[in-house]
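Report on the structure given below.
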Amino acid sequence: MAEPKENNKKYVTLVDHQSGKSIDLPVLSGSIGPDVIDIRKLYAETGYFTYDPGFTSTGSCQSEITYIDGDAGILTHRGYSIEDLTEHCTYMEVAYLLLNGELPNQAEKDDFERTITYHTMVHEQLLNFYRGFRRDAHPMAILVGVVGALSSFYHDSTDINDPTQRMIASHRLIAKLPTIAAMAYKYSVGQPFIYPRNDLTYAEDFLHMTFSVPAEDYQISPTVARAMDRIFILHADHEQNASTSTVRLAGSSGANPFACIASGISSLWGPAHGGANEAVLNMLAEIGHKKNIPEFLEKAKDKNDPFRLMGFGHRVYKNHDPRAKVLKKSADDVLNELGVSDPLLDLARELEQIALKDDYFVERKLFPNVDFYSGVILKAIGFPTSMFTVLFALARTTGWIAQWNEMITDPTQKIGRPRQLFTGHGERAFVPIDKR
Ligand code: ACO
């Protein structure tokens, strides 16, 4: 990756009306998307910082991986639309694309799948690690702990300056996350761990490790396996969101990739981010019945009430979330195939219809996001709600590790160090304890 190019013709002039001084700030252009104002010299030349809580107007890096146009509802990975990728590719092909920049040919695909399959087992000693957790631990808590612990098991791939070690760590993370996630589930329900099987696809293997028991193999439905694979593709990467930015920030200090991905998992856990799909199902349970929908819609609109309609709205998409459109179709396929009849799923469909016609949601462009439908599908497949965010983390690991690799090879990369607008006390005289 090269230094971003200055757009020679464009500058933005910042005028300080108090001092009368002005500074021309260069404008940088990407291949598509809004231009950015390069403020790297702002502090040195003016003494000012910028103030942007939540980074809503700040580009933190240059990237070639994922592009989102939130107003148009567009999501592309390396130039390919999410609709094409979910229609024509497997998650393994998308993982290869995110990591390597191009879709694999058949030989490259076979080789990549072999490599990932080869790394799916975890160190046997890791099994003991699990036994240290409480049985009722949230699987996300287990995931954060075990992924963080990987650096102690695979120390031979933690030298971030060695491209071969970086790639081995990337493959290990993509390969082992399904095994680790399934083990977190098995531990929480008190069942024995199920080893991976090399004859299954990535999605099939995950379903097998989660739902098989030693006494009986789980019968994998092709529709369910395809829906699972699609969920993985749809969650694989999403540009510089909170968890990805967390991975980059952690990695900017030179931390090893296993530690960085553990930090991404922690960030994803929050209900405003990856925890939303779990929150959707909890919310549906709280609403309880179709007759209660109007009351909860009023709560969601009431600014004095912290309740928000989970699974609606998005920081970037102010239009339909393109991932939600694909998943809505998958949800219908899975529910029909499994013949699932569940009052909560009926409630979800009703809520979606009512909210989409409600002026409050229409005016604010609050559409169902990817989490609204993924929760519905995952429940139908049989995952407990506590596993929803775990599945999101599993799929997003590919995006995180691709972004982490990109950051390491970016010549403009520096340790991340945001500044602040300090509003606390100035220096004051120390008061001894007997005088406070
Ligand atoms: N329910 C009710 N009102 C909402 C909701 C919601 N889910 N989302 C946004 N609003 C309202 C806000 O109160 C605000 O109203 P106002 O203009 O009258 O003040 C307006 O819509 C704009 O919302 P913002 O808060 O500015 O939107 P922001 O971009 O900051 O938030 C977020 C995005 C956090 C996703 C928000 O929509 C939300 O909390 N949604 C529910 C949680 C959720 O589903 N998260 C998953 C996100 S997708 C993902 O992580 C994969």
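The values are calculated or read from the model by the stated rules, or taken from the named source; none is laboratory data. Here the structure is a predicted model, which means the values were calculated and not measured. Heads up, the Cβs are rebuilt from the backbone with ideal geometry, glycines too, and the neighbour counts pull from every protein chain shown. Just the protein is used for accessible areas: all its heavy atoms, side chains included, with ligands, DNA and RNA removed. Shrake-Rupley method; radii C 1.70, N 1.55, O 1.52, S 1.80 Å.
Of note:
- Just one residue in the set A276, A300 is at pLDDT 90 or above and within 9 Å of the ligand (Cβ to nearest atom); that residue is A300.
- Looking at F372, F383, just one residue is in contact with a Gly (Cβ under 8 Å, 6 or more places away or on another chain), aromatic (F, W, Y) and under 30 Å from L284 (Cβ atoms), and that residue is F372.
- Out of T90, T66, T46, T58, sole residue that is of a type in the set (V, I, T), open to solvent by less than 80 Å² (accessible area, probe 1.4 Å), touching an Asp or Glu at 6+ places or on another chain (Cβ under 9 Å) and without any contact (Cβ under 8 Å) to a residue 24 or more places away in the chain: T58
- In the set (1) more than 23 Å from the chain's Cα centre (by Cα); (2) crowded, with 17+ Cβ neighbours inside 10 Å, the condition left unmet by G339 is number (2).
- For the range 106-141, the candidate set comprises residues that are touching a Pro at 6+ places or on another chain (Cβ under 8 Å) and assigned to a loop (DSSP other than H, G, I, E, B); within that set, the residue that is surrounded by the most Cβ atoms within 10 Å (Cβ to Cβ) is T120.
- Extreme residue, nearest to the chain's Cα centre (by Cα), among residues of the range 18-71 that are over 27 Å from P322 (Cβ atoms), polar (S, T, N, Q) and part of a loop (DSSP other than H, G, I, E, B): T50
- Filter result for the condition that a residue is more than 22 Å from H238 (Cα to Cα), assigned to a loop (DSSP other than H, G, I, E, B) and out of contact with any strand residue (DSSP E or B) (no Cβ under 6 Å at 6 or more places or on another chain), over R315, R308, R349: R308
- Leading residue by the ranking (surrounded by the most Cβ atoms within 10 Å (Cβ to Cβ)) among those in the range 351-377 that are touching a Phe, Trp or Tyr at 6+ places or on another chain (Cβ under 9 Å) and charged (D, E, K, R): D371
- Criterion: within 16 Å of the ligand (Cβ to nearest atom), open to solvent by less than 40 Å² (accessible area, probe 1.4 Å) and closer than 30 Å to T90 by Cα - qualifying residue of A393, A402, A380: A393
- Single match in A285, A348 (criterion: over 19 Å from the mean Cα position of the chain (by Cα), buried (at least 19 other Cβ atoms within 10 Å of the Cβ) and farther than 24 Å from P53 by Cβ): A348
- Selection status of L99, assigned to a helix (DSSP H, G or I), of a type outside the set (V, I, T) and touching a residue at least 12 places away in the same chain (Cβ under 8 Å): yes
- Flag for S341 being part of a helix (DSSP H, G or I) and away from the ligand (no atom under 14 Å from the Cβ): no
- Here K365 passes the criteria (1) out of contact with any Pro (no Cβ under 6 Å at 6 or more places or on another chain); (2) of a type outside the set (D, E); (3) at negative phi; (4) in contact (Cβ under 8 Å) with a residue 24 or more places away in the chain except the one numbered (3).
- Residue within the range 383-397 that is in a loop (DSSP other than H, G, I, E, B), farther than 24 Å from E64 by Cα and modelled with pLDDT under 95 present: yes
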